[in-house]
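Please read the structure below before turning to the comments.
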Amino acid sequence: MPKIAVDAMGGDHAPTVVVEGALLAAQDVDAELILVGDKPAVEQECLRISGKLPPFPIVNASQIVPMDESPSVALRKRDSSMKVAFEMIKRGEVQAVVSAGNSGAMMAIGMLVIGTLPQVSRPAILAIVPGPSRGTIIIDAGANVDCKPRQLLQFGVIGSVYAERGLGIVNPRVGVLSNGEEDSKGNELTRAASELLDIAPVNYIGYVEGRDFFNGKVDVIVCDGFTGNVALKTMEGVASFAGEILRSGFEKNWLSRLGYLLTRQSLRHAYRKLDYAEYGGARLLGLDGVAIVAHGGSTALAIKNAIRVASESVSQNVNGQISAALESMVQAVTESKILNTTIRP
């Protein structure tokens, strides 16, 4: 059974929703949980919510990483709940960390404490957005604002492995996000990354556009973290706006209210596909351990599902698959460069 350290102090509504989510996960998720944070505060929340002490251990940590704190400041905190959780991975006490806290600090602390997998220069946030079937992967969704072509190459390989191993997609299609499908579009970064992905051991289909997030054309969309995060937040805003428009429409008169009553089950099903809480959180892939970044505004349901995703990632041995794929990638790219050098005068 996977052991998971949950950062009880991470997020906009910690520790309340984190404790609530952990209590839900303790009932439904096949994992052993350890909460890390202010022990008296966590115990008080458990007593308030369930009327009894928590059914899982609590590791005390005296410091918190605020959502707006810079990673450089967070790194200097020796006893933050986030750092203590990663140190538990390093000591082999747990196999995964879940936090709804500062994602930039989480990546920095993770790299400092447990390091990255071989061949990985920078970890990336992998998020899943709703799609026709299993959804579409976006990587990087916010960890790296500035990227180099080889990093986008790594992201493509990592995303492909997760699509196959984590989502069950056979031969997943990988594309680079650009401002058009033509080879002449994009910028220096996307063109260089496209050339590398074209010779990598992935099913690379070329450039894709923003509309392709939802139409089923591609399974893995590769981009830098700045672009990916803007795209992700835009989707969240559109989904929220669409919900408000529907709500106001159904409240217009008695006939529209009747229409809602007749369609509410279908609407609830559709809303669940758009609700980030159902997806549990983003995977911070490339670290030498499993790390799940939950939304800063996570609900208890989102925390529970983030813990579920962490448990599944440990069981699926995603990191082992990524390491093997990256080794193949290095060999493929190296052989291609040697071949090009031999052919060219």
| said: For Val98, only one of the following conditions fails: (1) assigned to a loop (DSSP other than H, G, I, E, B); (2) at pLDDT 95 or above. What is its number? | reply: (1)
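Among the listed residues Val113, Val120, Val129, identify the single one that is farther than 23 Å from Ile303 by Cα, in contact with a helix residue (DSSP H, G or I) (Cβ under 7 Å, 6 or more places away or on another chain), β-branched (Val, Ile, Thr) and touching a residue at least 40 places away in the same chain (Cβ under 8 Å).
Working: Val113 fails: touching a residue at least 40 places away in the same chain (Cβ under 8 Å); Val129 fails: farther than 23 Å from Ile303 by Cα.
Val120 is the lone residue from the list that is farther than 23 Å from Ile303 by Cα, in contact with a helix residue (DSSP H, G or I) (Cβ under 7 Å, 6 or more places away or on another chain), β-branched (Val, Ile, Thr) and touching a residue at least 40 places away in the same chain (Cβ under 8 Å).
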| Just wondering, is there one or more residues in the stretch 183-194 that are open to solvent by 80 Å² or more (accessible area, probe 1.4 Å), in contact with a helix residue (DSSP H, G or I) (Cβ under 8 Å, 6 or more places away or on another chain) and part of a loop (DSSP other than H, G, I, E, B)? | yes
| Restricting attention to the stretch 128-159, which residues are out of contact with any Phe, Trp or Tyr (no Cβ under 9 Å at 6 or more places or on another chain) and either surrounded by fewer than 22 Cβ atoms within 10 Å (Cβ to Cβ) or not aliphatic (A, V, I, L, M) (or both)? | Ser133, Arg134, Lys148, Pro149, Arg150, Gln151, Gln154, Phe155, Gly159
| task | Kindly indicate the residue of the stretch 50-84 that is under 21 Å from Ala26 (Cβ atoms) and polar (S, T, N, Q) and also most open to solvent (accessible area, probe 1.4 Å) among those meeting that condition. | result | Asn60
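Quick one: in the stretch 218-239, of everything that is of a type outside the set (A, V, I, L, M) and open to solvent by 70 Å² or more (accessible area, probe 1.4 Å), which residue is farthest from the chain's Cα centre (by Cα)?
Start the filter on the stretch 218-239 by keeping residues that are of a type outside the set (A, V, I, L, M), which leaves 219, 223-229, 233-234, 236-237.
Restricting the remaining residues to those that are open to solvent by 70 Å² or more (accessible area, probe 1.4 Å) gives 226, 233-234.
Details: Phe226: 15, Lys233: 13, Thr234: 16 Å.
Of everything passing the filter in the stretch 218-239, Thr234 is farthest from the chain's Cα centre (by Cα).
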| said: Being among the β-branched types (Val, Ile, Thr) and modelled with pLDDT under 90 is true for just one of Val176, Val238, Val170, Val157. Which residue is that? | reply: Val238
| message | When you check Lys217 against the structure, is it part of a loop (DSSP other than H, G, I, E, B) and at pLDDT below 70, yes or no? | response | no
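Residue-wise test of (1) out of contact with any Gly (no Cβ under 6 Å at 6 or more places or on another chain); (2) outside any helix (DSSP H, G or I); (3) open to solvent by less than 20 Å² (accessible area, probe 1.4 Å).
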position: Ala14; (1), (2), (3): yes, yes, no
position: Val17; (1), (2), (3): yes, no, no
position: Gly21; (1), (2), (3): yes, no, yes
position: Val36; (1), (2), (3): yes, yes, yes
position: Arg48; (1), (2), (3): yes, no, no
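Yes/no per residue for (1) at pLDDT 85 or above; (2) buried (at least 16 other Cβ atoms within 10 Å of the Cβ):
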{"site": "Asp288", "(1), (2)": "yes, yes"}
{"site": "Val293", "(1), (2)": "yes, yes"}
{"site": "Leu301", "(1), (2)": "yes, yes"}
{"site": "Ile307", "(1), (2)": "yes, yes"}
{"site": "Ser311", "(1), (2)": "yes, yes"}
{"site": "Asn317", "(1), (2)": "no, no"}
{"site": "Gln321", "(1), (2)": "no, yes"}
{"site": "Gln331", "(1), (2)": "no, no"}
{"site": "Ile338", "(1), (2)": "no, no"}
| said: I'm checking my understanding of the structure. Among residues of the stretch 85-127 that are among the β-branched types (Val, Ile, Thr) and buried (at least 24 other Cβ atoms within 10 Å of the Cβ), which one is farthest from Ala306 (Cα to Cα)? | reply: Ile109
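The values are calculated or read from the model by the stated rules, or taken from the named source; none is laboratory data. Quick caveat, the model's predicted, so the values are computed rather than measured. Reconstructed Cβ throughout: ideal geometry from the backbone, glycine too, with neighbour counts over all protein chains shown. Ligands, DNA and RNA are excluded from the accessible area calculation, which covers all protein heavy atoms including side chains. Shrake-Rupley method; radii C 1.70, N 1.55, O 1.52, S 1.80 Å.
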